[in-house]
Amino acid sequence: MSTIEVTRSQPNGSAYGRKEAHPDEILVGVAQGTPCGEYMRRYWQPVGVSSSLTSDRPQKVKILGEELVLFRDKTGRAGLLYPRCMHRGTTLYYGKIEEKGLRCCYHGWLFDVEGNCLEQPCEPDGGKNKENARQPWYPVAERYGLVFAYMGPQDKMPVLPKYDIFENLTNDEEFLVEGTGYFGYGAPVADPHVGFHWLQNWENIVDPYHTYVLHSTFSAIQFSDPLKVAPKVKFENIPGGVIYRAFRGLDDGRMMERVNSALLPNVSVIPEISAAEGRSIMMGWHVAVDDTTFRAFLVRKIKKGTTYFTGIKAHNGKIWTEATEEERRDFPSDYEAQSGQGPVTLHSEEHLATSDLGIVMLRRKMKQQIDVVAKGGNPEGAIYDEGQALVTTLSGNYYTAPQKAAS
């Protein structure tokens, strides 16, 4: 019997016989023990919204592939525990929140926010050796309306960063915090988990060219008129991240400089999509739930008492959550483009071009820092001195005369 030799690279472009595609395994995994998972655990990660974390009932949380239980005790302290009770293994999700902690429903063991066992009511004298029992836990801290957790080695724990745009609120300012749904939905959804890899969402921040096509010239103007102008772009490495500067010559003779920032490990500092002049007043966290799911958190500084629509412009009078599949096909936005890459994009099939320089720089920086962590070092962007905790951001929309702008 004769054999047929398959040519893997067809000169006529046929899809037949193409090479098997695969993701970049260094960037994809987020579980403990994976290169990227260990790297991500060296930073503080948002796990919940402070206002929704009450002392009524614990919440299920999944982050970086780990299922956990988040709760607030009756004194107001937040805690994050491994869900299987160390006694007999039932879930603490069905536990009862008390003054000092979370009590297991099965035999009443009580754990505080740091996993210390305070009571063992079925044991002699309330548990003679209860001080030796400790439920696995993670440190948490609250800032800007979010609950953050540190899930890495205790001896490598950095300080929780502060961001200049959110410090020193005036009496008439407050934070608008979102932790449900995808950036651009325009309304909360029942399940905050988004069904594709977190990096497909985050690296979009350093892709200014998709704004010109997807959000401006493909179907309709989804953001604002100035962004429909094709930009000239400069990409820059900065300490702890990557930024781009997109320059647009406007019809009125002004030059618009739009600066967008991606900060390690998964933070975006986003200028106003309305193209309003000034520094950014919002930040996003693109948090990996597991290898094929993420959750988005967004914090915006607003004037008290004002309402703010955070989604893309409505299409046919509908926001994204109201649109039909046909309307979303006629009016695709970030969700359609990013989910269309699949649960995990096949990096080996990409053909990156000059316009993708920001993507290349961001992935390269991630891999460099993944390697630093693998070799026992501290990753770029993690801060270990409280005196250095304040992070200065560069993002914003800036308008200058053409002769003053970069060429």
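For this structure, a couple of remarks:
- Considering only alpha-carbon pairs that sit under 8 angstrom and 6 or more positions apart, the relative contact order computed for segment 265-353 is 17 percent.
- Taking segment 158-404 and dividing mean pair separation by its residue count, relative contact order in percent (alpha carbons under 8 Å, at least six apart): 33 percent
- Label-point separation, THR354 to ASP330 (7 Å along Cα→Cβ), nm: 3.7 nm
- For segment 237-245, putting each phi into the Karplus relation 6.51 cos²θ - 1.76 cosθ + 1.60 with θ = phi - 60° gives couplings of 7, 10, x, x, x, 9, 10, 10, 10 Hz, in residue order, rounded to whole numbers and with x for Gly and Pro.
- Inter-centroid distance (Cα atoms) of segment 12-29 relative to segment 127-155, Å: 41 Å
- Amide H partners (placed H, <5 Å) of VAL49, local residues excluded: VAL147
- Furthest towards positive pole of dipole, THR293, ILE221, PRO265, structure part segment 219-334, Cβ charges: PRO265
- Once the convex hull of all Cα atoms in segment 48-141 is built, its volume per residue stands at 88 Å³.
- Cα long-axis angle, helix 357-374 against the chain (0 to 90 degrees, to the nearest 10): 30 degrees
- Rounded to the nearest 20 debye, dipole of the chain from Cβ charges on Lys, Arg, Asp, Glu: 300 debye
- Treating r as the C-beta distance of ILE302 and LYS367 and R0 as 25 Å, the FRET efficiency rounds to 0.10.
- Global form of segment 211-254, assessed from the alpha-carbon gyration tensor, a/c cut-off 1.5: oblate
- Relative contact order (%) - segment 48-141, alpha-carbon pairs under 8 angstrom, separation at least six: 22 percent
- Amide H partners (placed H, <5 Å) of THR34, local residues excluded: none
- Residue ranges 64-72, 206-214 sort as 64-72, 206-214 when ordered by packing (mean number of other C-beta atoms within 10 Å per residue, highest first).
- Equivalent ellipsoid semi-axes - Cα gyration tensor, segment 158-404, angstrom: 26, 23, 21
Here, each number is a calculation from the coordinates, and none is a lab measurement. Remember, predicted model here, so these are calculated numbers, not experimental data. No Cβ is skipped: glycine too gets one built from the backbone with ideal geometry, and neighbour counts run over all protein chains shown.
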